[in-house]
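Contents: one structure, followed by commentary.
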Amino acid sequence: MMGSLLLVLWLPSALLSQRRRALKLAALGWIWGLFTWYSPENLVMGAASAAMLCVLLWATETIDFKGIVTGIAPVALGALLFWAPIAVYYLAHGLLAQYFSNAFQVGGAVLRGAWNTFPAPDVLQSLF
């Protein structure tokens, strides 16, 4: 969740920045990409949180719609720049689909009770 928190904390400042705006937003996306690699739930939580924040910034007229759209693109590009070498590595080894399947199963396992109880429920047996 740290990646989502950092994204939401730094996004307004980067969106409203006048100097090196695209670079700051891309760096923020790269950091978010790093945290989505550590913990896949940062992807959905970060995207949802950033979307809600952008709606709030637009609704309060802090930033216009064009500024939001042109600001989100560098964030996405930064995250893709982080993920590109990882995706190429797994793709070269024929494991990209399996990697993403395993990564997104963890969130579902947590929803079904994994890591909330001891001993571990049977749902963990399917993951490991």
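None of the figures in this text is laboratory data; all of them are computed from the coordinates on show. Everything numeric here is computed off the predicted structure, so don't read it as measured data. Because the Cβ atoms are built from the backbone with ideal geometry, glycine has one as well, and the counts that use them run over all protein chains shown.
Sort 35-42, 11-18 for me by packing, meaning the mean count of neighbouring Cβ atoms within 10 Å per residue, highest on top. Please report the intermediate quantities before stating the final value.
Working: 35-42: 18.0, 11-18: 15.8.
Going by the mean number of other Cβ atoms within 10 Å, highest first, we get 35-42, 11-18.
Modelled label positions at Ala73 and Gln18, each set 7 Å beyond Cα in the direction of Cβ, lie 2.2 nm from each other. Between Ile86 and Asp64, the FRET efficiency from the beta-carbon distance, with R0 = 41 Å, is close to 0.75. Putting +1 on Lys and Arg Cβ atoms and -1 on Asp and Glu Cβ atoms, find which of Ser39, Ala50, Phe65 reaches farthest to the positive end of the dipole of the chain. Final value for the positive-end residue is Phe65. With all pairs of different C-alpha atoms in the average, the Kirkwood value for the hydrodynamic radius of the chain is 16.1 Å.
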